[in-house]
Structures are given as C-alpha cells and as structure tokens.
Amino acid sequence: MKQPFIGRVPLVSGEIAEDLSQYFYMSEQVLSLVSLGVLVDTDLTILAAGGLLIQAMPGAREDLLAKLENNVLNMGAISEVIKNHKRIEDIAPQVMKGVEYYITGEQNLQFKCNCSRERLAAILAQLSDEELDEIYAAEGKLEVCCNFCNEFYEYTPDDIKIMKK
Ligand SMILES: [Zn+2]
C-alpha cells in the first residue's frame, strides 16, 4: 500500500473513442466499441454530446460483434443520433438491429467516488505505528489524496492515535 498502483496504456491515435477502445482491450482484455461525438451549433453552443460504449461478454460470437459494429457505422454521427433520441429505448433498436436483445436496466451516469475519510483512515491504519509517526514527522501532517477523485483528507494526531490501535 506504500506505492500507488499505476496502469498505463499508450495512446494510439489521439481520437478519444479509439484510445478508449484500445484501453479497454489492453488493460481489461474486453473487446469494446466506443463511439463519441459532440454536435456544435453555428453559435458554438453544444446541441448534443455523448456516446456509446458497447462491450463484448466473454464468448461473444464474432459475427454478432461485426453486425453491431456495422449497425453503429450505419447510424451516422453519434452526436446527431443523441440529439434526436434521448432514451436508450430509442437508440438500442438501431444499435441492435438484427440481434435479439432485451434491456436489463437503465441508469443515469454520474461521477462518484467511493472514498471517504473513514475508508482512507482504515487503509492508513495498515501502516505500522513507526511509519505513521515517520510520515507525520516528515510532513508535519498526515494528509492523503484519493487517486481517483483528488479529494484530500487530513488526519490529526488524535486520528493517528486511533489508527495505531
Ligand atoms: Zn475519491
């Protein structure tokens, strides 16, 4: 827990959708189709922005994957599709054309991190008493930054006493 775990996948094209697709394949070994787009109006306001992320389940048939890829290509610019269709029920029939499917659920996306002061304190408590003291002595404080959301948590000497138990 002393060294942060960092995984890196090189960018392949600079196109965000292509690079995300490559990332999912290299890092998670999941075949993914990523289509992203932003539709900008003549006055430079954003008319629509969004995308599709389709990931193959293990053992997915190649011909079905090819059909989905072809369907997405035939849909045209994804930003235009999103502008005209706001719900998954409207877009799924175009993506899944010729493939049997059913919708298992729908959920709005949001940025959310599961970190908390207590959770990070529990991780710090795994360090030895000496290590906690060394960090506090060297830094003059015990502060942790969540690698996922960049939230900072600072712990007092009283907090550190509790971690040592
Ligand atoms: Zn976080």
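Side notes on the structure shown:
- When the stretch 133-165 is filtered for residues that are within 16 Å of the ligand (Cβ to nearest atom) and either open to solvent by 80 Å² or more (accessible area, probe 1.4 Å) or in a strand (DSSP E or B) (or both), the ones remaining, listed by number, are Glu143, Val144, Cys145, Asn147, Phe148, Asn150, Glu151, Phe152, Tyr153, Glu154, Tyr155.
- Qualifying residue in the stretch 66-77 (condition: touching a residue at least 40 places away in the same chain (Cβ under 8 Å), closer than 30 Å to Leu127 by Cα and not assigned by TED's automatic domain parsing to the domain that holds Val144): no
- Qualifying residue in the stretch 89-98 (condition: open to solvent by less than 70 Å² (accessible area, probe 1.4 Å), more than 27 Å from Phe24 (Cβ to Cβ) and among the polar types (S, T, N, Q)): no
- The stretch 99-119 residues that are over 11 Å from Ile88 (Cβ atoms), paired with ones that are part of a loop (DSSP other than H, G, I, E, B) and within 10 Å of the ligand (Cβ to nearest atom) (beta carbon under 7 Å, 6 or more apart): Cys113/Cys146; Cys113/Phe148; Cys113/Cys149; Cys113/Glu151; Cys115/Cys146; Cys115/Phe148; Cys115/Cys149; Cys115/Glu151
- With respect to (1) loosely packed, with under 12 Cβ neighbours inside 10 Å; (2) within 15 Å of the ligand (Cβ to nearest atom); (3) under 14 Å from Lys164 (Cα atoms), the lone exception for Glu130 is condition (2).
- Leu120 modelled with pLDDT of 90 or more, under 30 Å from Glu143 (Cβ atoms) and assigned to a helix (DSSP H, G or I): yes
- The stretch 115-127, subset charged (D, E, K, R) and open to solvent by 100 Å² or more (accessible area, probe 1.4 Å), residue farthest from the ligand (Cβ to nearest atom): Glu118
- A single member of Leu31, Leu44, Leu20, Leu73 is surrounded by 12 or more Cβ atoms within 10 Å (Cβ to Cβ) and at pLDDT 90 or above, and it is Leu31.
The values are calculated or read from the model by the stated rules, or taken from the named source; none is laboratory data. Computed from a predicted model, the values in this text were never measured in an experiment. As a convention, Cβ positions derive from the backbone with ideal geometry for all residues, glycine included, and neighbour counts pool all protein chains shown. For accessibility, only protein heavy atoms count, side chains too; no ligands or nucleic acids. Shrake-Rupley method; radii C 1.70, N 1.55, O 1.52, S 1.80 Å.
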